[in-house]
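The structure appears below as structure tokens.
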Amino acid sequence: MGWFERNIVEPGKLPLLLALISFVLTFVITRTITRLIRAGKGPFGNVSSGGVHVHHVVPGVILTIVGGFGAVAGGQHGFGSCLAAVFFGIGAGLVLDEFALVLHLADVYWTADGRKSVEMVVLTASLVGLLLLGFSPLGVNDLSEGQEQNRAVALATVLVNFAFALVALFKGKIRLAVLGAIIPVVALIAAVRLARPASPWAKRFYRNRYRARARSTLRAYHHDRRWVGPRRAFQDWIGGAPDPEPTRSLERR
């Protein structure tokens, strides 16, 4: 209970915890309902108004706006901020569940492009979870002299690690850059390894280094070939497998 009070309640992380729980539960419940609708089971159905299908990203945007402004007005403590955090978490779960729809401006929910929604939800939940569980060097009062020094070291570590995360992002490693912003070792490893062949780093520094460019392309090929299958299987397990793409027969002329 002391750890919870010192690292969650005192730094004002309780709304973040409630937002994360609401976010994850909303995504799980929404995906369960949509999969039941897709299978034609249960009492659920699509919502339409005037012949227009109302996607759940619409109420999600409304709840996100209400929760966001409520959180800003309520601060980090109190019942109001906690309630606003719940609204924000529910809204964010509904919005990111249809992230691919917003990205492509098309109903790609049950297509291969719809996997981007699941990937974004998993990435967001992981990042927020790491922020929640990690020690916060700011916002904690009544520290001893030794703890003040530790906080200064922690702040310096955060700045250096942020620089590594920027390098990883410049090298085209978006997921590792996001996770590396919280986990220092991840950012360091991503920063020192070869860049992705289409990244800004490769275009800038590998332009005349043909061997480095070839190694970068080969490593990216093997990495994608190794992980694309497990990543798709994981996304399908969470969000449901996409519809098979229709085969197009060749017309004989």
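Worth a mention:
- Each peptide in 7-14, 220-227 was scored by the mean count of other Cβ atoms within 10 Å over its residues; highest first, the order is 7-14, 220-227.
- Theoretical gain in end-to-end length, Thr157 to Asn46 [0.36 nm per residue, Cα-Cα removed]: 35.0 nm
- Environment charge of Val186, counting only residues whose C-beta is closer than 12 Å and scoring Lys/Arg +1, Asp/Glu -1: +3
- Mean Cβ count within 10 Å, highest first, over the residues of peptides 89-99, 34-44, 55-65: 89-99, 55-65, 34-44
- Pairwise FRET efficiency - Arg204 versus Leu127, Cβ, R0 = 25 Å, nearest 0.05: 0.35
- Each of Tyr206, Leu105, Gly229 was placed along the dipole of the chain (beta-carbon charges, centred on the mean Cα), and the one lying farthest toward the positive end is Tyr206.
- Rounded to the nearest 20 debye, the dipole magnitude of the chain is 1920 debye, with +1 charges on Lys and Arg beta carbons, -1 on Asp and Glu beta carbons, and the Cα centre as origin.
- Residue-averaged 222 nm ellipticity for the chain, from DSSP H runs of 4+ at -39500 (n - 2.57), nearest 500: -22000 deg cm²/dmol
- The chain: C-alpha gyration tensor shape, a/c 1.5 cut-off, then a/b vs b/c: oblate
- Residue-span extension gain [Asp113 to Ile29] - 0.36 nm each, minus C-alpha spacing: 28.1 nm
- Among the protein heavy atoms of the chain, carbon and sulfur supply 67% of the accessible surface, probe 1.4 Å, non-protein parts ignored.
- Where the chain is the region considered: accessible area per residue in Å², 1.4 Å probe: 65 Å²
The values are calculated or read from the model by the stated rules, or taken from the named source; none is laboratory data. Predicted model only: the values in this text are computed from it and were never measured. Note: ideal-geometry Cβ built from the backbone for every residue, glycine included; neighbour counts use all protein chains shown. To get the accessible areas, we keep the full protein, side chains included, count just its heavy atoms, and leave off ligands, DNA and RNA. Shrake-Rupley method; radii C 1.70, N 1.55, O 1.52, S 1.80 Å.
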